[in-house]
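Notes for the one structure printed next.
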Amino acid sequence: MGNFNKFIQEVKDKLFGIKPQPPKSYPKPKEEGIPQKTQPSKVQDYKKRDPYFIQIGFDFGTSFSKCICRDIMIDKAWVYIPSEFDKKELPFLIPSCLNLNNGAIQLVKEAECQYPENGLYYLKLALEEVAMSHWDDPVLDPFKQVIGRSETAAIEEFIKGCGVYFLAVTLGQVRQQIRQRYSDFGLNKQDYMAVNMAVPVADAERPVVNSLYKEILDQAWILSDELSGYNRIGLHEIKDIFNREPRQLDPYCKGACFIYPEVSANVQGFVRSRTSSPGIYIFSDTGAGSVDQSVFIFGRNQEEEEHLTYLYGSVLPLGSSHIERRAAKACGNMDCRSLEYWKEKKENGGSDNELSVAKYSIAMELTPKTRSTLAWARKKLFVKEQLNDIKVIFGGGGHCLDPYENAVMVPFSGDLFSKPINPVKIGLPIPKDLEKESMQYKWMSRLYVAYGLSFEKGQLVSFTYPRDVEIPSPEEIWKPRSLVSEAPTKDEC
């Protein structure tokens, strides 16, 4: 606890430049997991309390986004649930898509709907393709159809604008809910919010992709309060929103946005737990759009500080939404209704031939790609046999035994290893610092990334990207012994 208090003081000094306040000035919880909302009777009392510092962890997903907020000063977190989804089975899922309605763009407010009519879905993937200048990728087709233009500049402008609009409105609503929770938020001028957002390791180490996500997030954060109430925005407005001149921010909002690798966020709770052990791991995270795989070495230094060294990362376009897409394609109809039909079938455990064939085809692609991920990681090891000690972590809302887990486990019996191995499967721990009232354990498979992002960026585990880990030369791996005579001769003496 002493280290946490020391960390908090460092955060306060860094952000606010204020002197320590007596412990009694901290907001105290009424009961476990529920922060006390301070409601002083006099305006002067706001100046006496320590500033609030709320960290937003935002998991920008391919199909659904998730968010967890944390009161840094008392180290308690809660799941953000949009008010309109409060009664849903999975109320924390925020559709990561937009809808075209009567010439205007709006957020999708149907929690279970992944493929809305006139929908602009796969927004996250579209932003990635724009960053990589993949202008012919099919994921861009719905956006091209909406604007009716094929010029790359117009497509780029529109998709960036959609990204800013989605994040700005969504984050603006999160900020509104935080202010409702802390009714006196903002009366102390040093009250502060920040946001961390995750991207896959393979994307995060690509400068063009990383910088675009950061640029989109920065602009959205600046406009979030202003756009939070915009339920609709005209096409002529959204195409200019990315380059829009923002209003002047107060100095405490600068530097509030941070991009962090998705796997690091996913395993944040694991590496911080006492049960975690240093070693080599492969994390296979199945989302809606992709399977994100990373091989990393987890270690601790003499000061017990954790570090993740990534050996290799890959983003494989084989996520769970491809099951319904392939099933729908096999039937010759890929419209929104057909996709929703096959998605519901998949989630209810349907055994239709179309679904079985789709799962089989994904497994046949995922197995060799997993082997490739392991093989590239092995090249970075000085001692190749270290790969034999690898442990496996599965994650993501789309993960299931068939096809994902089964397909990932096949390479461990292949020619990459001198003999078949049966790696240990590691489960992620259930956090103990989340409000019990705001979550259920069955939700956690979808919330680990947002949970990991809810820590202040100075608390997040440090990491090394794969590009910064060089493949060792043969001389580094094997150094021949120098030739020495067994005994010197008389002439040698």
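The values are calculated or read from the model by the stated rules, or taken from the named source; none is laboratory data. Worth saying up front: this structure is predicted, and the values here are computed from it rather than measured. Counting neighbours? That spans all protein chains shown, and the Cβs are built from the backbone with ideal geometry, glycine included.
All of (1) at pLDDT 90 or above; (2) surrounded by fewer than 13 Cβ atoms within 10 Å (Cβ to Cβ); (3) of a type in the set (A, V, I, L, M) hold for L249 with one exception: (1). Within the set K109, K88, K124, the sole residue that is out of contact with any strand residue (DSSP E or B) (no Cβ under 7 Å at 6 or more places or on another chain), closer than 17 Å to G398 by Cα and assigned by TED's automatic domain parsing to the domain that holds I216 turns out to be K124. Within the option set A358, A377, A327, being aliphatic (A, V, I, L, M), part of a helix (DSSP H, G or I), crowded, with 19+ Cβ neighbours inside 10 Å and touching a His at 6+ places or on another chain (Cβ under 9 Å) holds for one residue only, A358. Using beta carbons and a limit of 7 Å, which pairs, at least six apart or on different chains, have the first residue in the stretch 62-91 and surrounded by fewer than 20 Cβ atoms within 10 Å (Cβ to Cβ) and the second one acidic (D, E)? These pairs meet every condition: M73/D50; D75/D433; K76/D433; K76/E435. The residue list S473, S438, S482, S454 contains one member that is at pLDDT below 85 and either closer than 18 Å to D59 by Cβ or in contact with an Asp or Glu (Cβ under 6 Å, 6 or more places away or on another chain) (or both), which is S438. The residues on offer are R179, R206, and the sole one that is of a type in the set (K, R), surrounded by 15 or more Cβ atoms within 10 Å (Cβ to Cβ), modelled with pLDDT of 85 or more and assigned by TED's automatic domain parsing to the domain that holds E129 is R179. Would you check if G319 is assigned to a loop (DSSP other than H, G, I, E, B) and either charged (D, E, K, R) or more than 24 Å from E129 (Cα to Cα) (or both)? The answer is no for G319.
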